[in-house]
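**Student:** What follows is a single structure, and I will ask about it in a moment.
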Amino acid sequence: MKHFKNVLFVVLLLSSKMLMAETSTISEMDKKDAIINEVHQLLKQPHFHFENEFMVRVKFVINSKNEVVVLSVDTDKKAAENFIKDRLNYKSLTISAQKETFVLPIKFISGR
C-alpha cells in the first residue's frame, strides 16, 4: 500500500508539472499575440504613398520601461523604414516582455 501511495504521489507531481508547463506556454503565446496586436495598432495608416504591396522585417526589443526599441528594419524602402521607426521607437506597450527580441514581418498593402 505504501508503494502505491508513493507511485500515486509521483504521478500527481509529474502531471501537475506538465500542466504548469503547458499553462505557461499558452500564456507566452497570448503575450506574444498581444504584443503583435499592439504593434499592429501603432502601424495603422501609413503616412507615405506606395503603389505595390511589399514586406519588411522589423527586429525589436522591449526595454525595462515597456518601450519598443527598433533594432533593424529589413527593407530597401527608406520611407517605410522611417515610418516604422517613427511609429514604434520608444512607444510604450501595455504588455511586459522585457529583454526579449522579436522579429515581426509586416506587409504593407496599398489602399486600392
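Only the coordinates and a few stated rules stand behind these numbers; no lab work does. Quantities reported herein were computed from a predicted structural model and do not represent experimental measurements. Here the Cβ positions follow ideal geometry from the backbone for every residue, glycine too, while neighbour counts run over all protein chains shown.
**Student:** Evaluate the distance, in nm, between pseudo-label points positioned 7 Å from the Cα of residue 102 and of residue 66 along their respective Cα→Cβ axes.
**Tutor:** 1.3
**Student:** Under a cut-off of 12 Å between alpha-carbon atoms, report the aspartates and glutamates in cross-link reach of residue 91, not counting same-chain residues fewer than 8 places apart.
**Tutor:** By straight Cα distance, residue 91 reaches 38, 67.
**Student:** Here's a follow-up. Provide the per-residue ³J(HN,Hα) series for region 61-74, in order, calculated from phi with Karplus coefficients 6.51, -1.76, 1.60 and θ = phi - 60°, each as a whole number of Hz, with x at glycine and proline positions.
**Tutor:** Going residue by residue, I get 10, 10, 7, 5, 9, 6, 9, 6, 10, 6, 8, 7, 10, 8 Hz, with x marking Gly and Pro.
**Student:** Same structure again: Reported to two decimal places, what Rg/Rh ratio describes region 65-107 when computed on Cα atoms with Rh from the Kirkwood expression?
**Tutor:** Rg/Rh: 0.97.
**Student:** List, in order, the whole-Hz ³J(HN,Hα) value for each residue of region 29-36 obtained from phi through the Karplus relation with A = 6.51, B = -1.76, C = 1.60 and θ = phi - 60°; use x for Gly and Pro.
**Tutor:** 5, 4, 5, 5, 4, 5, 5, 4
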